[in-house]
Amino acid sequence: MINIKDFKVKFKPINSKKQYNEPKPATEVAATEPQRIWSNQKYKQYLIMININDLKVKLRPIKSKKQYKEYLGIIDKLVDCRENSKEEELLELVAILVADFESKIYPIEPPDPIDAIKIKMQESGLKKKDMAIYFGSPSRVSEILSRKRPMTLTMIKKIYKGLHISSETLLSS
């Protein structure tokens, strides 16, 4: 659907003033029109900008795997663009569309609450005895982490505030 071909733009011959109202490249300028001369490099940048603007207009939400792969190709071509440029704006737009499609097709389920607590304990260097402040007693910690007893709402609130595990994760089961 979208074919940007590495942003290479072919020069089109300009036959009449009515056909185009844009500046001509230096190689095609007649001697009678010195006020409209651009360097070839500046003209190419202008055409690339037009091409990018055309792409922005053609961007649509991704509906198929084929379209998804095309958008990934655009990201690959734009990933090394300059900051604060038109290319970066296009990259951001395409990345938003790709992320939206990926979130619909490949949703990430929240982790199991007990597994999330164990991971957080490992990351923070906490032991079961350190978790007693959240669960009440060391024996209760053992029961909950071995899945013999469910967590109460009070425990979930303490873990949410103390260990900064999302409430969505803690409430999923």
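Points to keep in mind about this one:
- Residues listed by number, region 99-132, amide nitrogen under 12 Å from His164 label point at 7 Å toward C-beta: 124
- With R₀ fixed at 45 Å, the C-beta to C-beta distance from Glu143 to Tyr106 puts the FRET efficiency at about 0.80.
- Residues listed by number, region 146-160, amide nitrogen under 18 Å from Asp115 label point at 7 Å toward C-beta: 146-148, 151
- Here Ser167 sits with roughly 60 square angstrom of accessible surface, probe radius 1.4 Å.
- Site pair Leu59 and Leu171 shows an inter-label distance of 3.3 nm when each label is modelled 7 Å from Cα along Cα→Cβ.
The values are calculated or read from the model by the stated rules, or taken from the named source; none is laboratory data. Everything quoted here is computed from the prediction, not taken from an experiment. Glycine gets a Cβ as well: all are built from the backbone with ideal geometry, and neighbour counts include every protein chain shown. In case anyone asks, the SASA skips ligands and DNA or RNA and just uses the protein heavy atoms, side chains included. Shrake-Rupley method; radii C 1.70, N 1.55, O 1.52, S 1.80 Å.
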